[in-house]
Amino acid sequence: MPVDHYENFPVASWLLPAAARAPIEALYGFARSADDIADEGDRADAERLAGLERYLEALAAIEAGREPAPEFTRIAAAVRAHRLPTSLLADLIDAFKQDVVKKRYATFTELVDYSRRSANPVGRLVLQVFGRSDDANALLSDRICTALQLVNFWQDVAIDWAKGRVYLPQEDLARFGVDERAIAEGIADDRWTALMAFECARTRAMMLEGAPLGRVLPGRLGLEIRATIAGGLAILDKIEAARGDVFRRRPQLGTIDWIAILVRATIKTGVRP
């Protein structure tokens, strides 16, 4: 899957069995549309928060067995058919609301907590759809999803700056002697390169900690997970090859990259570090 927005996660691609596509599409639509309320357009913060509150109201209605507003019909059907925990969907909305009001992260721990709500629920919900949501799988999924969220942050430093956000932890900026002027002016000097190398290495280690999930899950789901992991690692490779300079050209995957990823994903024995 592309490491971009909610396409970080399995999104009813051709790799997934047909029976799983409707609930996965519903999850994707729910997450993507809510994220767009928090991120896109020129709404005032109060309007964004009010829009996201409607999602929480819909989840409360679904949880209570009532019909939500019509635009939430698909997610309601997915929740009921697969017994999806609405608390995980509420965590997503909580993270999106945080995006509206919180623009800086003091520590990596804070950033991981954000990812616990912004990314990890999607992986756990996908496991639930496939009937594979035991504790061991969920923990591996969390490592992958948090790592994917971090990959997205590192490739989108410039895009997030334009939205007034800096996801790079303030403690890391200070550690490497980088101030926000480097982001504003796109300065990819040696200090910036060292900072991005540190973030990419930490993210890569986290991704590989979750990689066994792609080997233990069967069939197309396992293949999808392996492809997702390989895609995330490929983006990290591109960031490192550019010495962390994500300002002049955003790291993206092309056709040749995807061929290599799919070949790698078919090899169940592992994902290269």
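Mind computing the radius of gyration and Dmax over the alpha-carbon atoms of segment 167-273? Å is fine for both.
Rg and Dmax of segment 167-273, Cα atoms, are 15.9, 48 Å.
Rounded to whole Hz and in sequence order, give me ³J(HN,Hα) for segment 56-70 from the Karplus expression 6.51 cos²θ - 1.76 cosθ + 1.60, θ = phi - 60°, writing x for Gly and Pro.
Couplings: 5, 5, 5, 5, 5, 5, 4, 4, 7, x, 9, 7, x, 4, x Hz.
Let me check against my output: what whole-number percent is the relative contact order of segment 141-215, with C-alpha pairs under 8 Å and at least 6 apart?
48
For T266, what accessible surface area do you get with a 1.4 Å probe? Give it in Å², rounded to 10.
Spelled out: T266, probe radius 1.4 Å, area about 90 Å².
For segment 44-76 and segment 124-201, write down the distance between their C-alpha centroids in whole Å.
29
May I ask you to derive the relative contact order of segment 80-145, considering only C-alpha pairs under 8 Å and at least 6 residues apart, and to give it as an integer percent?
The normalised contact order for segment 80-145 reaches 39 percent.
At most 13 other Cβ atoms within 10 Å and a DSSP loop assignment: could you name the GluC sites (Glu not before Pro) in segment 27-91 that fit?
When the GluC sites (Glu not before Pro) of segment 27-91 are filtered for loop state and at most 13 Cβ neighbours within 10 Å, E40 remain.
Could you please report the charge total around S33, scoring K, R as +1 and D, E as -1 over all other residues with beta-carbon less than 13 angstrom from its beta-carbon?
-2
Report the one residue of G41, A162, G222 whose Cα lies farthest in the direction of the positive end of the charge dipole of the chain (charges on C-beta: Lys and Arg +1, Asp and Glu -1; origin at the Cα centre).
G222
Using a 1.4 Å probe, what is the accessible area per residue for the chain, in Å²?
It amounts to 44 Å² per residue over the chain.
Over segment 217-271, consider all pairs of different Cα atoms and compute the Kirkwood hydrodynamic radius from their mean reciprocal separation; express it in Å, one decimal.
When all Cα pairs of segment 217-271 are included, the Kirkwood radius is 11.9 Å.
Excluding the sites themselves, what is the longest stretch of the chain that contains no trypsin sites (Lys or Arg not before Pro) in a DSSP loop with at most 16 other C-beta atoms within 10 Å?
164-242
From Cα pairs below 8 angstrom and at least 6 apart in sequence, can you work out the relative contact order of the chain, rounded to a whole percent?
That works out to 20 percent.
For segment 60-157, evaluate the Debye formula with one uniform point scatterer on each Cα (no solvent term) and list log10 I(q)/I(0) at q = 0.13, 0.20, 0.21, 0.22 Å⁻¹, rounded to two decimals.
For segment 60-157, the Cα-only Debye profile gives -0.52, -1.04, -1.10, -1.15.
First check a/c for the chain, with a ≥ b ≥ c the square roots of the eigenvalues of its C-alpha gyration tensor; if it is under 1.5, answer rounded, and if not, answer prolate when a/b is larger than b/c or oblate otherwise.
Cα axes put the chain in the oblate bin.
Under the 0.36 nm per residue contour assumption, what length would be gained going from the current alpha-carbon distance of D45 and D135 to full extension?
28.7 nm
First check a/c for segment 115-170, with a ≥ b ≥ c the square roots of the eigenvalues of its C-alpha gyration tensor; if it is under 1.5, answer rounded, and if not, answer prolate when a/b is larger than b/c or oblate otherwise.
prolate
What accessible area, in Å² to the nearest ten, does a 1.4 Å probe give for F198?
50
In segment 93-168, carbon and sulfur make up what percent of the accessible area (probe 1.4 Å)?
Carbon with sulfur: 53 percent of the solvent-accessible area.
Among all lysine pairs in the chain that are eight or more places apart or on different chains, how many have alpha carbons less than 30 angstrom apart?
Value for the chain: 7.
HN-Hα J couplings of segment 245-257 from phi, Karplus 6.51/-1.76/1.60, θ = phi - 60°, integer Hz, Gly and Pro as x?
For segment 245-257, the Karplus curve yields 7, 9, 7, 7, 8, 5, x, 9, 9, x, 4, 4, 4 Hz.
The values are calculated or read from the model by the stated rules, or taken from the named source; none is laboratory data. Quick caveat, the model's predicted, so the values are computed rather than measured. No Cβ is skipped: glycine too gets one built from the backbone with ideal geometry, and neighbour counts run over all protein chains shown. To get the accessible areas, we keep the full protein, side chains included, count just its heavy atoms, and leave off ligands, DNA and RNA. Shrake-Rupley method; radii C 1.70, N 1.55, O 1.52, S 1.80 Å.
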